[in-house]
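Reading through the structure tokens given below for one structure.
The values are calculated or read from the model by the stated rules, or taken from the named source; none is laboratory data. Just so it is clear, the structure is predicted and the values come from calculations on it, not from any experiment. Cβ: placed from backbone, ideal geometry, glycine included. Neighbour counts: every protein chain shown.
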Amino acid sequence: MTGATSESGCVFCRAHAATDDAAENILFRGRHWLVMLNRYPYNNGHLLLVLDRHTPLLSDCTPAELQEMSMLLAGMERALTECLQPQGFNCGYNGGASAGAGIPAHLHVHLLPRWAGDTNFMTTVGRTRVMPQTLAEVQEMVAPVLRRILASV
């Protein structure tokens with residue numbers, strides 16, 4: 001990890017320190033961020049952009065971290081568009097536990113591909129997830145495209 005702080009119990013800090021990217025569902029490592037598949041996705045192709053240090057809010061980021069974040073998000077969107085042809089996207093983060101953050105102390109941004117009539121509310125209403133592809137299948141499809149697109153970042 002290149003960032004200033006880490007927590008040994010934090011799943012995102014452990015992911016940054018990992019040496020086996022495939023086992024951690026990591027698709028790309030940038031200078032300050034890594035791109036990984038969400039292990040508990042709302043939709044197929046649900047990606048996370050995870051900062052390399054333990055901090056909770058966007059306002060805690062440096063200008064360099066914010067600049068890279070925007071470039072990586074644009075590349076993630078292009079890769080998902082090429083691989084999955086979604087009809088739209090949801091992108092955001094939950095700043096703090098009261099905002100719904102599952103890991104409130106470690107900044108991460110969600111990018112979700114969306115399709116008309118998708119199963120977005122199955123998790124809430126049906127307490128189940130509908131995934132037409134496994135995480136490994138999505139990783140195999142998206143990782144090489146994402147690396148190609150982000151090669152210049």
Q) Of the residues Pro113, Pro56, which single one is in contact (Cβ under 8 Å) with a residue 12 or more places away in the chain and either exposed (fewer than 12 other Cβ atoms within 10 Å of the Cβ) or touching a strand residue (DSSP E or B) at 6+ places or on another chain (Cβ under 7 Å) (or both)? A) Pro113
Q) If we scan region 87-97, do we find a residue that is touching a strand residue (DSSP E or B) at 6+ places or on another chain (Cβ under 6 Å), more than 19 Å from Tyr40 (Cβ to Cβ) and at pLDDT 90 or above? A) yes
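Criterion first (surrounded by fewer than 18 Cβ atoms within 10 Å (Cβ to Cβ), touching a residue at least 60 places away in the same chain (Cβ under 8 Å) and either among the hydrophobic types (A, V, I, L, M, F, W, C) or part of a helix (DSSP H, G or I) (or both)) does Met71 satisfy it? Steps first, please.
Numbers: surrounded by fewer than 18 Cβ atoms within 10 Å (Cβ to Cβ): yes; touching a residue at least 60 places away in the same chain (Cβ under 8 Å): yes; either among the hydrophobic types (A, V, I, L, M, F, W, C) or part of a helix (DSSP H, G or I) (or both): yes.
Yes.
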